[in-house]
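J.: Here it is, the structure, as structure tokens.
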Amino acid sequence: MNFKLWIQRRFGDDAFDWIDRSYATDWLFVTLIWLLSFVVSSTPVFERDFSPHDPLISHPHKPNQIGSLLNNTIALYVPILLILIWGTIRRSLREIHHGAIAVFASRGLARLITEFVKHRVGRLRPDFLARCKWSKALGECTGKIDKILDGRKSFPSGHSSTAFSGMVVLSLWLAGQTAAWCFHAPKSAASWRSSRMGAFALTLLPLFWATYVALTRVEDYRHHKEDVIVGSLIGILTASICYLIFWPNPFSVENHAQQASGRPRSLYSSTNNGRPNNTEFELTRLEDEIDNV
């Protein structure tokens, strides 16, 4: 069976009506951001001078409570999986697409910024001396090269930016679907699904996870508190920007009051959420009205 016909049978005859070639350009830029982040991560790290008697970098080297693989997997695939399931239930390819590109863009941008700053700053981790294994006789580190190199990448926290860049997108998406953060939006009565506190608590779950990940980085002596704060802010910022490019503001009453509540933006169609995209025509009409006054 033709793939397009197979999709239309499951998502409706209008499943592809929203598609525009501009989305291909969007994905191209997202891909370039990811590729650039890998290029940046392979550049040399600034080798900052240190004192073998500095107490800030004299903490023990402990195992990670949350590994990089687990953190990356949850931050990237959990939001996409939930949006995929919900978009399938609502029979909307546009929701699945917009959710996926928002998550990939947020994660890629956060990674690029984090890797760039890490390599330029070269701040030493709290457990750097344990990695270094300083030899007083030789006057140099005698530890494993890869651990020493990683010990120079403390600022900002990559775990924190990763967790928040994925979980904030998920939290914003949940808020957009439930109106949890728009307290003036109307809610239907006599329905357990309309519970405002229930919806609010649901949107907080991803944020609790991201916060837990960030806190473990301090507990494990992998980062200073400033590293975690800045890494978290990077993730929050990139997630907010990338989400709002493709989805309406979850704080907006208009977003939740209309029939298309919780739906993503139609960015490149002839109408954008019910309004014409031809802003030049609108401005010309406004000028004519002013002249006739």
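We did not get these values from a lab; they are worked out from the coordinates using the rules stated. As the structure is a prediction and not an experimental result, all values here were calculated from the model. For neighbour counting, all protein chains shown are included, and Cβ atoms are generated from backbone atoms with ideal geometry for every residue, glycine included.
J.: Which of 186, 68, 92 sits closest to the plus end of the dipole of segment 62-262, meaning its Cα is farthest towards the positive end, when Lys and Arg get +1 and Asp and Glu get -1 on the C-beta?
T.: The listed residue farthest towards the positive side: 68.
J.: I'd like the GluC sites (Glu not before Pro) in segment 47-124 restricted to DSSP loop residues with at most 15 other Cβ atoms within 10 Å, sorted by number.
T.: Answer by residue number: 47.
J.: Amide H neighbours of residue 134 under 5 Å, at least 5 residues apart or on other chains, H built in the peptide plane: list them.
T.: For residue 134, the qualifying residues are 142.
J.: Could I ask something else about it? Output wanted: per-residue J couplings in Hz (rounded whole) for segment 108-114, from phi through Karplus 6.51 cos²θ - 1.76 cosθ + 1.60, θ = phi - 60°, x for Gly and Pro.
T.: x, 5, 4, 5, 4, 5, 4
J.: Please get the size of the charge dipole for segment 62-262, origin at its Cα centre, with Cβ charges of +1 on Lys and Arg and -1 on Asp and Glu, quoted in debye to the nearest 20.
T.: 340 debye
J.: Whole-Hz ³J(HN,Hα) for each residue in segment 86-95, computed from phi via Karplus 6.51 cos²θ - 1.76 cosθ + 1.60 with θ = phi - 60°, x for glycine and proline: what do you get?
T.: Whole-Hz 3J(HN,Hα) from phi for segment 86-95: 5, x, 5, 4, 7, 6, 9, 5, 5, 5.
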